[in-house]
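See structure below.
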Amino acid sequence: MSARVPLPPHLHGTAFRVSEHAFHEQRPGRLRAPDVDAPYHGIRSVGLHFDDVFERARMYVPRLREGQRFSHVTAALLLDIPLPLEFGSIPNLHVTATLGVAPRTVGVVGHRTTTAGRPHYIEELPLFTPAEVWCQLASLLSREDLVAAGDYLISGKRLRRGGRRPPPCSLDDLAAAARRFGRQPGAAALRWTLPRLRTGVDSRRESLLRLALMAHRMPEPTVAHPVTVAGGLVLHPDLAYPWARVAIEYEGDEHRQDKRRWREDLRRIVLLEEAGWRVIRATELDIENPTVIVRAIRSAFDRAIAAGRVRPKPTPPRA
């Protein structure tokens with residue numbers, strides 16, 4: 001049995017059409033070898049991984065026609081928009097045509113639109129703008145998750161060592177995109193979502209917790225309220241009721257698994273309580289069923305009012 005001819009270095013990490021003979025310079029039989037993948041009809045790739053959405057999109061780029069872009073869930077993942085976990089394991093790519101007909105091939109969910117701005121690029125990958133992608137998600141996500149996605153887009157991602165990446169778009173960008181979106185499926189969810197978006201949000205779970213509290217007729221908590229503690233340090237609790245000096249800190253599994261982060265969280269609580277704040281720690285269970293945390297927050301309100309530090313705030317209507 002003859003040894004397999006090594007592939008030329010320029011093919012590693014690429015995807016290409018079988019018909020591009022001048023590029024790959026390989027015989028048909030060589031393109032059927034185990035070290036060459038066939039992710040889509042007429043396409044071969046070398047050294048790209050199908051379970052990575054970025055590399056999966058790169059595999060499909062040679063099939064893109066003029067006016068076609070990655071959209072919906074695929075674009076959201078490429079933009080790092082927070083989505084429910086199940087969306088991260090969907091193997092199909094979403095591709096939308098702004099010219100011609102919607103793409104139709106195995107492994108691709110095709111769409112067609114007549115309302116699109118200029119393309120947005122991540123390296124060589126053409127997408128819709130972040131605001132347009134948010135509108136596309138409106139028919140796929142719950143209203144609460146649509147708020148979380150919008151909060152991320154107008155807040156930017158907080159960096160581990162402090163600071164924040166510039167937000168991908170503004171609230172005005174989202175509102176303008178929603179107007180252009182018109183009466184397409186999901187338009188009602190966009191109208192519900194827009195007035196509930198907030199800046200300064202650090203995670204999807206913070207958004208969901210804020211909405212869960214409001215749905216249980218609690219006053220809307222403030223996002224990332226600045227609190228000066230000992231030494232002049234300024235902390236920003238995830239959620240807060242400044243009028244009652246109540247802070248709510250959300251703790252996901254990553255807080256428990258990261259020893260350094262766990263210690264920093266405990267230190268934050270000590271500093272906030274030392275500054276006269278009541279700190280209530282929340283978990284995913286409090287999003288699923290806020291009864292216990294609502295009771296704890298109301299109790300903290302009552303103590304603050306009884307101490308004469310604040311006046312009671314009216315209960316808001318149901319969200």
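Points to keep in mind about this one:
- Condition met for Gly117 (under 29 Å from Trp192 (Cα atoms), outside any loop (DSSP other than H, G, I, E, B) and not polar (S, T, N, Q)): no
- Subset of segment 145-174 (residues that are more than 22 Å from Ser71 (Cβ to Cβ) and in contact (Cβ under 8 Å) with a residue 24 or more places away in the chain): Ser155, Arg158
- Of everything listed in (1) in a helix (DSSP H, G or I); (2) within 32 Å of the chain's Cα centre (by Cα), the single unmet condition for Phe23 is (2).
- Gly42 at pLDDT below 95 and under 27 Å from Gly150 (Cβ atoms): no
- The criterion of being buried (at least 23 other Cβ atoms within 10 Å of the Cβ) and either on the phi > 0 side of the Ramachandran plot or not aromatic (Phe, Trp, Tyr) (or both) holds for Leu146.
- Being more than 18 Å from Thr283 (Cβ to Cβ) and either within 22 Å of the chain's Cα centre (by Cα) or not acidic (Asp, Glu) (or both) is a property that holds for Pro219.
- Filter result for Ala116 (surrounded by fewer than 15 Cβ atoms within 10 Å (Cβ to Cβ), in contact with a Ser or Thr (Cβ under 9 Å, 6 or more places away or on another chain) and hydrophobic (A, V, I, L, M, F, W, C)): no
- Tabulated pairs, segment 123-136, first farther than 13 Å from Phe181 by Cα and touching a residue at least 60 places away in the same chain (Cβ under 8 Å), second aromatic (Phe, Trp, Tyr) and surrounded by 20 or more Cβ atoms within 10 Å (Cβ to Cβ), C-beta under 8 angstrom, 6+ apart or interchain: Leu125/Phe70; Pro126/Phe70
- Positions within segment 29-48 being exposed (fewer than 15 other Cβ atoms within 10 Å of the Cβ) and under 25 Å from Arg104 (Cα atoms), in sequence order: Arg32, Ala38, His41, Gly42
- Considered as a group, the residues in segment 93-112 that are without any contact (Cβ under 8 Å) to a residue 24 or more places away in the chain and in contact with a Ser or Thr (Cβ under 8 Å, 6 or more places away or on another chain) include one that is nearest to Asp51 (Cα to Cα), and that residue is Gly110.
- Entry remark, segment 147-187: residues being in contact with a helix residue (DSSP H, G or I) (Cβ under 8 Å, 6 or more places away or on another chain) and among the small types (Gly, Ala, Ser) number 10 in total.
- Counted residues, segment 230-243 - those being buried (at least 22 other Cβ atoms within 10 Å of the Cβ) and aliphatic (A, V, I, L, M): 2
- Screening Ala57, Ala97 for residues that are closer than 29 Å to Asp202 by Cα, surrounded by 14 or more Cβ atoms within 10 Å (Cβ to Cβ) and small (Gly, Ala, Ser) leaves exactly one candidate, Ala57.
- From Ile297, Ile305, residue being at pLDDT 95 or above, part of a helix (DSSP H, G or I), surrounded by 10 or more Cβ atoms within 10 Å (Cβ to Cβ) and of a type in the set (A, V, I, L, M, F, W, C): Ile297
- When Phe128 is tested against (1) of a type in the set (Phe, Trp, Tyr); (2) at pLDDT below 95; (3) over 30 Å from Glu288 (Cα atoms), only condition (2) is not met.
The values are calculated or read from the model by the stated rules, or taken from the named source; none is laboratory data. Computed from a predicted structure; not experimentally measured. Every residue, glycine as well, gets a Cβ built from its backbone with ideal geometry; the counts of neighbours run over all protein chains shown.
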